[in-house]
Amino acid sequence: MGQTRKDASANDRDFLAGQLLIAMPNMGDPRFEHSVVFICAHDEDHAMGVIVNKRIADIDLDELLRQLEIEPSEEASETPVYFGGPVQTERGLVLHTLDYRLDKTLAVAPDLGLTATKDILADIGGKHPRRPAPRAFLLAVGHAGWGAGQLEQEITMNAWVHCEADETIIFGGAENASWNRALGKLGVTSAMLSPEWASIRNQDQPLN
């Protein structure tokens, strides 16, 4: 028997695609400590996101382009690379505004896309780009992934809270600054945090 429109709407309210996850102080995985994660996809089978505030200190776009045999521009050495998460850390991807779009670009929010091709890297940092670079972008290696029900369980355990996405946070760069700004969207500061607060917040807030 097919799913009714009412049932489909109810399920949609349980998914967090297009929102930000904010790691709480009791986050048990050190790879996600103080993380802010943009959720690119979330359904009953899985969730996928990109950490947006953990810069990798010893890698920049210049180095990646040379590995791909693309001649970098002078500015490429100033373009940082971020740790997007522990899954497929050998692969790069770019989270960006949708003023830039290729055939393989996946729209993950009304104004944001995800592209994982050499072309976008060349357009962002190559010496001879074919297209203008996106207005704002974040280059990451790896991503975060969860299996069926795993993210929901972690939220129930108060490892995460969530809020509406904000470009100033996604493309803000600095780890603690982005984390604190994300918390600010919830009306709190890091000094106010406790496991009890996260529990109350997650009980009061629906998953959308």
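Taken over region 172-195, the residue count meeting the criterion of being within 23 Å of Ile56 (Cα to Cα), modelled with pLDDT of 80 or more and not hydrophobic (A, V, I, L, M, F, W, C) is 4.
Screening Leu102 with (1) within 21 Å of Ala182 (Cβ to Cβ); (2) more than 18 Å from the chain's Cα centre (by Cα); (3) modelled with pLDDT of 95 or more gives one miss only, at (1).
Checking Glu63, Glu44, Glu69 one by one, the residue that is over 30 Å from Lys127 (Cβ atoms), surrounded by fewer than 20 Cβ atoms within 10 Å (Cβ to Cβ), more than 18 Å from the chain's Cα centre (by Cα) and not small (Gly, Ala, Ser) is Glu44 and no other.
Considering Arg181, Arg135, the condition of being without any contact (Cβ under 8 Å) to a residue 40 or more places away in the chain and in contact with a strand residue (DSSP E or B) (Cβ under 6 Å, 6 or more places away or on another chain) is satisfied by Arg135 alone.
The values are calculated or read from the model by the stated rules, or taken from the named source; none is laboratory data. Predicted model only: the values in this text are computed from it and were never measured. Backbone-built Cβ (ideal geometry, glycine too); neighbour counts: all protein chains shown.
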